[in-house]
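A quick write-up on the structure given underneath.
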Amino acid sequence: MILNHLMGLYTHPKQEWHTIEQNHEALKSSLTHVLIIALIPSVCSFIATAYIGWNPGAGEPIYLTPLSAMYMSVGMYFGLIGGVFALAYLAYWMAKTFDAQPTPTQALELASYTATPLFMVGIAALYPVLWFIMVVGLVGLAYSVYLLYAGVPIIMNIPEEKGFIYASSMVTAGLVLLVGLMASSVILWSIGFGPMYQ
């Protein structure tokens, strides 16, 4: 069932990770979860940038043209999905180092459910004030990291000591992916794919 672990990850995360481990879903379910959850920050950002206006803290709100906002949101959507797939691949690739033997489905479950809080806080874009977005984003990031540390030993079936090092490696890889996405955005903006303001 699509999104069936969502509430459990917020109310009792460790128990929910055990439930996910005991009842692995088809790869299609994890893919569907990622495709739906990644819509939240993309759609909310589109609405905020095109119709509500971003408030950087001083001066008038900044608006993008609807077409530019749509291009940025579509790019964001595919970037988020690509980031989850890259994290899943890294989790799968690093597994042998930590004596884990996950299936590709397990690696994708770990990456997609870990990224869920970070994607859910995309709703905050509907109140586009910079300090508010930063605070809510940090809360979402902190909870995603917590889910990763809690979930790695359970999903990968390894001791908690190894799970801590494994999760730390994944956090580092995730930060590198984030920097890579930001660098890609800067490069695209510099060659003419930047935002167009109203």
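The residue that is least open to solvent (accessible area, probe 1.4 Å), counting only those in the range 15-40 that are outside any helix (DSSP H, G or I) and of a type outside the set (Gly, Ala, Ser), is Glu25. Under the condition of being free of Cβ contacts under 8 Å to residues at least 24 places away in the same chain and either in contact with a helix residue (DSSP H, G or I) (Cβ under 8 Å, 6 or more places away or on another chain) or among the β-branched types (Val, Ile, Thr) (or both), the residues counted in the range 11-45 number 4. For the range 164-197, filtered to residues that are polar (S, T, N, Q) and surrounded by fewer than 12 Cβ atoms within 10 Å (Cβ to Cβ), the residue that is farthest from Ile62 (Cα to Cα) is Thr172. Taking the conditions (1) farther than 23 Å from Pro56 by Cα; (2) buried (at least 19 other Cβ atoms within 10 Å of the Cβ) in turn, Val145 satisfies each one other than (2). Of all residues in the range 96-138, exactly one satisfies the criterion of being part of a loop (DSSP other than H, G, I, E, B) and acidic (Asp, Glu), namely Asp99. The lone criterion from (1) surrounded by 16 or more Cβ atoms within 10 Å (Cβ to Cβ); (2) assigned to a helix (DSSP H, G or I) left unmet by Ile158 is number (2). Among the residues making up the range 41-64, a single one is modelled with pLDDT under 85 and either of a type in the set (D, E, K, R) or open to solvent by less than 50 Å² (accessible area, probe 1.4 Å) (or both): Glu60.
The values are calculated or read from the model by the stated rules, or taken from the named source; none is laboratory data. Here the structure is a predicted model, which is why all the values come from computation and not from measurement. Cβ atoms come from the backbone with ideal geometry, glycine included; neighbour counts cover every protein chain shown. SASA here: full protein model, heavy atoms, side chains in, ligands and nucleic acids out. Shrake-Rupley method; radii C 1.70, N 1.55, O 1.52, S 1.80 Å.
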